[in-house]
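What follows draws every value from the coordinates through simple rules; no lab data is involved. Only a predicted model underlies this, so the values are computations on that prediction, with no experimental measurement involved. Ideal geometry is used to build each Cβ from the backbone, glycine not excepted, and the neighbour counts take in all protein chains shown.
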Amino acid sequence: MGEKSRESVLEKYTVIADGVPAEVVISRREGEFVDSYEISTVKFQKPTQAVIDHIRQKILEDVNLKASEVLDAESMDTLHHRFVLKAGELVNKEMFNVTPTTRSIIVGKLAHELLGLGDLELFLADDKLEEIVVNSCKEPVWVYHKKHGWLKTDYVIPSEESIHNFASIIGRKSGRQVSTLYPLLDAHLVQGDRANATLYPISAKGSCIVIRKFARNPWTIASLIPPVGNTLSVEVAALLWLCIQYELNIVVAGGTASGKTSMLNALMMFCPPNQRIISIEDTREIYLPDFLHWTPLVTRSSNTEGKGEVTMLDLMVNSLRMRPDRIVVGEIRRQREAEVLFEAMHTGHSVYSTIHADNAEQVKNRMITPPISLPETQLSAVHLVLVQYRQRRTGLRRVLEVAEFVPQGAGVSLNRLYQWNARKDALEKVGEFKRIIDELALYSGMSPKEIAHDLEEKEAVLEWVAENKISGVNGVGTVIASYYREKEKLMNVVKNKGKPEEIISAREAGEEKNVGDAGVKI
């Protein structure tokens with residue numbers, strides 16, 4: 001026997017999913033090129049497992065599961081509550097010596113098997129994971145950890161049939177279908193996570209499922225600025241707030257998983273509460289405060305007969321008839337979509353969207369070349385481009401640059417205003433305004449001096465929000481709404497370093513906080 005390979009534990013913690021605890025150990029082994037993610041939970045002896053199997057069968061007979069109950073979060077909560085009560089009754093009846101803790105674990109495991117995705121629910125309960133990937137039944141599940149990057153787990157899905165069943169469950173819960181005939185699925189879980197499935201033989205190694213997890217409490221601007229995060233500076237956040245207040249059009253660019261949608265979601269909270277917002281997405285990712293006048297629209301795939309499809313273009317055209325003040329589009333991909341989007345800009349709507357591009361110059365080039373191919377003159381409708389960057393090695397996310405599109409002859413030129421300095425890890429001002437200040441002066445009636453004073457006030461509000469750890473969607477949204485509705489009162493509280501409860505309710509002040517370095521998480 002050779003010497004046992006050395007192992008060092010990088011991190012250890014516990015996750016709990018529906019009352020089922022699991023121990024997570026992240027370790028590094030000598031000779032391995034990828035760190036490991038090991039997850040262990042309670043295992044039952046054969047006699048106990050036999051009783052649990054009997055209870056499972058009884059539940060299937062007694063709990064009437066309706067298709068409509070798994071299509072939205074509210075109905076799913078009701079079903080889950082009904083299931084837990086019934087399972088608890090049966091456990092007490094069949095296993096009368098069981099402790100409350102064991103009872104809770106058994107009920108939770110049954111819920112995972114009958115209502116969820118089995119043991120994958122333990123991975124979904126780990127808030128430190130961003131991505132969960134099942135490549136086939138022949139290799140372990142992979143996960144992307146916010147701190148450690150890609151990790152190989154010690155869990156293997158038992159069979160291709162199990163992976164196919166998980167894909168079907170995801171499809172049913174989102175009202176979509178996946179089968180050998182229709183082997184591709186793009187959907188979302190009830191809790192909002194995005195799921196993609198590709199079935200064998202399209203996925204040659206075996207059926208594949210990728211789940212991208214989203215924060216249960218959506219990111220707000222307070223989570224992205226110092227002292228909580230360093231994704232962007234307070235100065236730039238205040239500028240973006242002012243631009244959104246006076247309805248300038250903004251495009252957020254970046255690579256895959258760079259934080260484009262999270263940034264867009266955070267910026268949309270700057271919209272005045274008395275204006276109507278329409279959001280259009282393939283998968284629900286935008287979450288705004290409850291009190292905003294907001295209608296989210298989501299695309300739909302066609303059925304097995306090729307009917308019933310609702311495209312992003314359909315929703316964009318329809319949204320213009322819904323009297324929107326602000327239109328938020330998940331992503332610009334195709335020419336016709338871009339044409340409708342820019343038509344909305346030219347007809348007086350304030351528009352915000354995302355696009356895949358690594359820098360502002362690429363944004364311009366992608367807009368004017370296939371498959372989008374817009375005339376360059378139309379790009380003048382975009383006022384600001386904000387570019388997100390993700391360092392793949394560390395997971396760090398930052399605003400890489402902020403630039404303005406400046407009309408010039410028959411096209412536009414780029415003027416970079418802010419650039420991220422990697423050595424200093426700071427967003428620095430690198431250019432002077434050529435367009436934005438003039439546009440803001442035109443729409444607001446303010447002089448450059450008054451604009452500067454307005455920006456200082458917004459910076460003070462944002463710093464106060466961050467210092468008081470107000471990071472929940474409704475809490476941050478209430479502060480911003482108060483700025484528009486009762487500015488004098490808010491500024492007095494900010495100036496005197498007052499308590500959050502003077503502006504927002506205790507419930508909103510006590511919302512779960514998005515703590516940690518937002519530069520790592522978003």
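Here are some notes:
- Beta-bridge orientation, the range 7-212: approximately 95 percent antiparallel, per DSSP, counting only bridges with both partners inside.
- Straight-line reach from Lys260: taking Cα to Cα under 14 Å and skipping same-chain neighbours fewer than 8 places apart, the aspartates and glutamates in range are Glu281, Glu285, Glu331, Asp358, Glu401.
- Beta bridges per DSSP with both ends in the range 279-389, % antiparallel, nearest 5: 10
- For the range 365-487, the Kirkwood hydrodynamic radius from C-alpha pairs, put into Stokes-Einstein at 4 °C and a viscosity of 1.567 mPa s, yields a diffusion coefficient of 74 µm² per second.
- The antiparallel fraction among DSSP beta bridges confined to the chain stands at about 70%.
- Stokes-Einstein D in µm²/s, Kirkwood radius over Cα pairs - the range 7-212 at 4 °C with 1.567 mPa s viscosity: 71
- Descending Cα extents along the principal axes, the chain, whole Å: 79, 57, 56
- Computed [θ] at 222 nm, deg cm²/dmol, the chain (DSSP H ≥ 4; -39,500 (n - 2.57); rounded to nearest 500): -11000 deg cm²/dmol
- Rounded to two decimals, the Cα-based Rg/Rh of the range 221-445, with Kirkwood Rh, is 0.95.
- For Glu361 and Glu467, the FRET efficiency from 1/(1 + (r/R0)^6), where r spans their Cβ atoms and R0 equals 30 Å, is about 0.25.
- Qualifying lysines (Cα of each under 23 Å from Cα of Lys497; at least 8 residues distant if same chain): Lys458, Lys469, Lys487, Lys489, Lys513
- The amide H of Ser179, built 1.01 Å from its N in the peptide plane, has Leu184 as neighbours under 5 Å, considering only residues 5 or more places off or on other chains.
- Converting phi to 3J(HN,Hα) with the Karplus coefficients 6.51, -1.76 and 1.60 and the offset θ = phi - 60°, the range 205-214 yields 7, x, 4, 10, 10, 10, 10, 9, 7, 10 Hz in sequence order, with x at every glycine or proline.
- Computed label-point distance, nm, for sites Glu432 and Ser444 using a 7 Å Cα→Cβ extension: 2.0
- Long-range HN-HN contacts of Tyr418 with modeled amide H, under 5 Å: Val402, Val430
- For Met345, Met269, the sequence from fewest to most other C-beta atoms within 10 Å is Met345, Met269.
- Length added when fully stretched, Glu139-Arg284, from 0.36 nm per residue minus Cα-Cα: 49.1 nm
- ³J(HN,Hα) computed for each position of the range 485-499 - Karplus, 6.51 cos²θ - 1.76 cosθ + 1.60, integer Hz, glycine/proline x: 8, 9, 4, 4, 5, 4, 5, 5, 5, 5, 4, 8, 6, x, 7
- Footprinting exposure proxy ranking of Ile16, Ile280, fewest other C-beta atoms within 10 angstrom first, gives Ile16, Ile280.
- From phi via Karplus (6.51, -1.76, 1.60), per-residue ³J(HN,Hα) for the range 193-202 in Hz, x at Gly/Pro: 5, 8, 10, 10, 10, 10, 8, 5, x, 4
- Working from label points 7 Å from Cα in the Cα-to-Cβ sense, the Glu343 to Thr101 distance is 6.4 nm.
- Amide H contacts for Trp294 (H built 1.01 Å from N in the peptide plane; partners 5 or more residues away or on another chain; cut-off under 5 Å): Ile277.
- Fewest-first sequence of Cys137, Cys271 by Cβ atoms within 10 Å of each Cβ: Cys137, Cys271
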